[in-house]
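Here's the structure we're looking at; comments come further down.
The values are calculated or read from the model by the stated rules, or taken from the named source; none is laboratory data. Keep in mind the model is a prediction, meaning the values are calculated, not measured. Cβ sites come from the backbone with ideal geometry, for glycine too, and all protein chains shown count toward neighbours. Only protein heavy atoms, including side chains, enter the accessible area calculation; ligands, DNA and RNA are left aside. Shrake-Rupley method; radii C 1.70, N 1.55, O 1.52, S 1.80 Å.
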Amino acid sequence: DAAGRFSGVMGVSQDISERKRADRRQAATYRISQAAMLAPDLDQLYAALHEIVRAQMPARDLYIALYDPRTETLSFPYWADTRDPRPEPRPLRTGFTDWVLRWGRTLRLSAAREGLEPEAARYELIGTTPSDWLGVPLQAGGRTIGVLAVQTYVPGARYGEAEQAILEFVSSQVGMAIERKRAEAALRQSEERFR
């Protein structure tokens, strides 16, 4: 006031959380592109992608499932799970991974099956029941080629909208990166045959 006494504080704050998320997504896009170019094969690409996802969200248990329309089988070329061994390639069934593949849509599932979409109600969990599961479609060239899924066995742990947005964003880059690596591998095999 006029007498020089302290009468209050004025401050300005700005929420920069959305900007930070955008920066993290941009960094993840760059790292995925870099991994796609530098990884010598798909196995190393998958491992690099897992580390990129882990830097964005809790994702200790993560797998990639790919569908082969020629053989009509679902395979699991990358599998990092603390409870269950990698499944063998198999035809489509009624698992939640199969649901994401068939519908081309994201599915979040808690152990209690809270918020489960009506058409997914007849599907089942295959393997050890996690506390929470999140599967997103891997898409390339306008078609669903597989599923990227994370799960946690930590009691009470939940994946929310923020984790879903991260995984969906990453999956859009991952699908294209996998298709590029597959095309490179096919080209190398073709060149070796013609030699």
Requested in this report: Determine if segment 152-174 includes at least one residue that is surrounded by 20 or more Cβ atoms within 10 Å (Cβ to Cβ), free of Cβ contacts under 8 Å to residues at least 40 places away in the same chain, in a helix (DSSP H, G or I) and not acidic (Asp, Glu).
Outcome: yes
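Evaluate segment 90-112: report whether one residue or more is hydroxyl-bearing (Ser, Thr, Tyr), over 30 Å from residue 19 (Cα atoms) and either part of a loop (DSSP other than H, G, I, E, B) or open to solvent by 20 Å² or more (accessible area, probe 1.4 Å) (or both). Break it down stepwise before answering.
Just the residues of segment 90-112 that are hydroxyl-bearing (Ser, Thr, Tyr), to begin with: 94, 97, 106, 110.
Adding the requirement that they be over 30 Å from residue 19 (Cα atoms) leaves 94, 97.
With the extra rule that they be either part of a loop (DSSP other than H, G, I, E, B) or open to solvent by 20 Å² or more (accessible area, probe 1.4 Å) (or both), the set shrinks to 94.
Yes, segment 90-112 has at least one match.
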If we ask which residues in segment 12-66 are touching a Lys or Arg at 6+ places or on another chain (Cβ under 7 Å), farther than 22 Å from residue 161 by Cβ and buried (at least 20 other Cβ atoms within 10 Å of the Cβ), their number turns out to be 2
When segment 51-73 is checked residue by residue, the ones that are part of a strand (DSSP E or B) and in contact (Cβ under 8 Å) with a residue 40 or more places away in the chain are 61, 62, 63, 64, 65, 66, 67
Scanning segment 137-167 residue by residue, the ones that are in contact with a strand residue (DSSP E or B) (Cβ under 8 Å, 6 or more places away or on another chain) and either modelled with pLDDT under 90 or within 15 Å of residue 58 (Cβ to Cβ) (or both) total 12
Scanning segment 141-162 residue by residue, those of a type in the set (Lys, Arg) and under 23 Å from residue 75 (Cβ atoms) turn out to be 143
